[in-house]
Amino acid sequence: MKFATKAVRAGISPDPTTGAIVPPIYQTATYTLEEVGKDKGFDYTRSSNPTRAVLEANLATIEGGKYGIAFASGMSTVDAILRLLSAGDHVISSDDVYGGVSRLFNQILSRYQLTFTYVDTSNPENVVAAIQPNTKLIWVETPTNPLLKITDLEAVSKIAKAHNLWLGVDSTFATPYLLQPLKWEVDFVVHSTTKYLSGHNQIIGGIVITNEQDLFERLKFIQKSIGAVPSPFDCWLTLLGVKTLPLRMERHSSNGMAVAQFLESHPKVARVIYPGLASHPQHEIAKCQMQAFSGMISFELKGDIEAGIRLMNNVKLCSLAESLGAVETMITHPASMTHASVPRETRLQRGLTDSLVRLSVGIEDIEDIIADLAQALEKV
């Protein structure tokens, strides 16, 4: 089956009791067993739930994987993967990662004797140079949040395999429609289902997908033991969102390209970061890896931080909001919002300046989006 068919159909079959074409919401905590030692695979919703099982199968299939394990948030998904490690293990991470990930790594997991080295993974040589005898995991975002760096997954996967390391890829910005990291034999693919997969600013959730049965079984045990699982209703809403994922991602990507080109030509904009532009440092790699370039754009205005604040305070259609990947266009100031927990000196070293603006381009009419940005730029 082609991708759009999988998005609508994969893992989904008519309800055996009623024939309902939409999977039911099994909003139950527990299940009656036929007799001691005999059940139908469901005993307690923390362990498993029919609605969640459909979502896990659906997302695994569209990602091109065998196994999906759903969690209550993107961050609980990342935390579950890191629980596969032991005290004393070392992790190499993309330097430009979501602020919540660096907060988890630096302020929580480091207390349990895990160590982290941050490098620009868009240069594979940096990854090789960071490997230590106790390294166990390479953690990559591509595109990264918010600087939209692109990592060559083929190159980094070869490095991971040569050194017997796990490779995890957060592909939230790309979605399975635009990028499928498992093609390069990575060990884990992670998505915040809060974002493009559900796509409508309705739920919080996460998913990890793998092809390796041993990792699947270990992560399922962690899922059951920790209990950070999505509700059946949230799973159901995510399934509804996934059905339109291909249509939405095409619109996000076409709108994103149009907005990026508009911003790049605007006299008040100093720099635009968008993988679809020829000016992006990893544009050629992005073209090879990705089907299109999504709706995420970062840009800097000429002037200081006040210029960015004026822009964000004067948009009317675009929503000032600390999220991304939904049908609505949203604008964010990473330094004071999504990455506020990252020390300023560290942010600046990585290129995340005080004047950086992140834009999640929605699926509204492109003329309306550009008109809103144009009127706001006039007031900068």
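Derivation of every value follows stated rules applied to the coordinates shown; laboratory data play no part. Bear in mind the structure is a predicted one, so any value in this text is a computation, not a measurement. Don't worry about glycine lacking a Cβ; one is built from the backbone with ideal geometry, like all the others, and counts go over all protein chains shown.
Observations
- For K302, a cut-off of 28 angstrom between C-alpha atoms picks up these lysines, skipping any fewer than 8 places away in its own chain: K149, K268, K316, K379.
- The H on the amide N of Y26, modeled in the peptide plane, is under 5 Å from the matching H of T51, each at least 5 residues off or on a different chain.
- Legend: ranking of residues H280, H191, H163 from fewest to most surrounding C-beta atoms inside 10 Å; resulting order H163, H280, H191.
- Net charge of Cβ neighbours under 11 Å - reference S360; Lys, Arg +1; Asp, Glu -1: 0
- Restricting region 12-109 to trypsin sites (Lys or Arg not before Pro) that sit in a DSSP loop and have at most 11 other Cβ atoms within 10 Å of their own Cβ leaves K40.
- Dividing the helix sum by the residues of the chain, where each DSSP H run of 4 or more adds -39500 (n - 2.57), gives a mean residue ellipticity at 222 nm of -10500 deg cm²/dmol.
- In order along region 78-89, the Karplus-derived 3J(HN,Hα) couplings, from 6.51 cos²θ - 1.76 cosθ + 1.60 at θ = phi - 60°, round to 4, 4, 4, 5, 5, 6, 6, 8, 10, 3, x, 6 Hz, and Gly and Pro are given as x.
- Length-normalised contact order for region 295-351 - Cα pairs under 8 Å, 6+ apart - percent: 21 percent
- Answer label for Cα extents along the principal axes in Å (calculated), chosen among [x] 72, 52, 34; [y] 70, 41, 35; [z] 68, 49, 36: [x]
- Percentage relative contact order, the chain, counting C-alpha pairs under 8 Å, at least six apart: 17 percent
- Amide hydrogen neighbours beyond the local backbone of T135, cut-off 5 Å, H modeled: H90
- For the chain, the longest principal axis of the C-alpha atoms and the axis of helix 153-162 are separated by about 50°.
- Fewest neighbouring Cβ atoms within 10 Å first, the residues L247, L197, L373, L182 line up as L247, L182, L373, L197.
- Sparsely packed loop sites in region 293-380 (the trypsin sites (Lys or Arg not before Pro) outside DSSP H, G, I, E and B with at most 16 other Cβ atoms within 10 Å) comprise K302, K316, K379.
- Under 15 Å, Cβ to Cβ, from W236 - net charge with Lys/Arg +1 and Asp/Glu -1: -1
- In this structure the amide hydrogen of L167, modeled in the peptide plane, comes within under 5 Å of the amide hydrogens of I138, D187, F188, none closer than 5 places in sequence on its chain.
- Both radii are taken from the alpha-carbon atoms of region 98-175; with Rh as the Kirkwood radius, Rg/Rh is 0.95.
- Dipole magnitude for region 245-377: about 320 debye, using +1 per Lys or Arg Cβ and -1 per Asp or Glu Cβ, origin at the Cα centre.
- In degrees, nearest ten, helix 245-264 long axis to first principal axis of the chain (Cα): 20 degrees
- Rounded to 10°, Cα long-axis angle of helix 50-63 versus longest principal axis of the chain: 50 degrees
- Local charge for D89 was computed over the other residues whose Cβ lies under 15 Å away, with Lys and Arg +1 and Asp and Glu -1, and equals +2.
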